[in-house]
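Student: Attaching a single structure in structure tokens format; questions to follow.
The values are calculated or read from the model by the stated rules, or taken from the named source; none is laboratory data. Worth saying up front: this structure is predicted, and the values here are computed from it rather than measured. FYI the Cβ positions are ideal-geometry reconstructions off the backbone, even for glycines, and counts take in every protein chain you see. Heads up: the accessible areas ignore ligands, DNA and RNA and are worked out on the full protein's heavy atoms, side chains in. Shrake-Rupley method; radii C 1.70, N 1.55, O 1.52, S 1.80 Å.
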Amino acid sequence: KVMNTILEDFLELKEILNSFNGLEKEYNWLLTDLDWSYPDNYLDYFMDYRIYDDSSHCRNNYLITGENLNKLANMKEVYFIWGVFSAIEKNEIVDLDTIKEEPYADGNPNFWVENPVIQHPLAVAELVLWDSSLVLLLSKDNGFSSNFRNTFKGWKDLNAYNQS
């Protein structure tokens, strides 16, 4: 069962990762639909990435270990405005050249339905940073959701939120 959570507040990625109590390190993370500020050497943190300069792709994709995501998030130059962070088991192979549907946040109506689902088929959890105003967490791993919910006050169940 997927636990879906919304927090009508905005947090830095490092605060969210801290709430996971190390669980994020058990996964690799696919980062998509990013609007962010980053340090000059940011590419050094990624296992793989695709940066598109042409109009046929509007997004860049990055693959990073949970350990390196944590290091990156703790750099003072890093700030995310938009982004989708998909947690994928470390034993799964993610080929950035064959992603059929890139998870996205900006303009995505599928978060605002009765039962939102995680976008990437291999993902166990999906963290969405929404325009510096909301945080969404969709998770099949109750550890992510319960740690997040126990850390931050004011969270709501996203499914119930969408029905109100």
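Student: Using a Cα-Cα cut-off of under 17 Å, which lysines could be cross-linked to LYS71, ignoring same-chain neighbours fewer than 8 residues away?
Tutor: Correct list for LYS71: LYS14, LYS25.
Student: Once both labels are modelled 7 Å past Cα along the beta-carbon direction, what's the ASP95-TRP112 spacing in nm?
Tutor: Each label point is offset 7 Å from its Cα along the Cβ direction, giving 3.6 nm.
Student: Measure out, as a whole number of angstrom, how far apart the alpha-carbon centroids of segment 120-164 and segment 4-40 sit.
Tutor: Centre-to-centre distance over Cα atoms comes out at 11 Å.
Student: Using each residue's phi in segment 64-73, evaluate 6.51 cos²θ - 1.76 cosθ + 1.60 at θ = phi - 60° and report the 3J(HN,Hα) Karplus result to the nearest Hz, with x for Gly and Pro.
Tutor: For segment 64-73, the Karplus-derived couplings read 9, 6, x, 4, 6, 4, 4, 4, 4, 4 Hz, x marking Gly and Pro.
Student: Let me ask something else. With each run of n ≥ 4 DSSP H residues scored as -39500 (n - 2.57), what mean residue ellipticity at 222 nm is computed for the chain after dividing by its residue count and rounding to the nearest 500 deg cm²/dmol?
Tutor: After summing the helix terms and dividing by the residues of the chain, the value is -5000 deg cm²/dmol.
Student: Please give the net charge around ALA87, taking every other residue with its beta carbon less than 11 angstrom from that of ALA87, where Lys and Arg add +1 and Asp and Glu add -1.
Tutor: Around ALA87, the charge tally is -3.
Student: Quick one: Karplus J couplings for segment 112-123, per residue in order, coefficients 6.51, -1.76, 1.60, θ = phi - 60°, nearest Hz, x for Gly and Pro?
Tutor: After applying 6.51 cos²θ - 1.76 cosθ + 1.60, I find 10, 10, 4, 9, x, 10, 5, 6, 7, x, 8, 6 Hz.
Student: Quick check: pseudo-label points 7 Å beyond the Cα along Cα→Cβ at ASN74 and ASN142, how many nm apart are they?
Tutor: 3.0
Student: Roll a 1.4 angstrom probe over the protein heavy atoms and tell me the percent of accessible area of the chain that is carbon or sulfur.
Tutor: Of the solvent-accessible surface of the chain, carbon and sulfur hold 45 percent.
Student: Now for a different question. Among the listed pairs LYS76/LYS100; LYS1/LYS90; LYS100/LYS140, which have their C-alpha atoms separated by more than 23 angstrom in this model?
Tutor: Where the Cα-Cα span goes over 23 Å, the pairs concerned are LYS76/LYS100.
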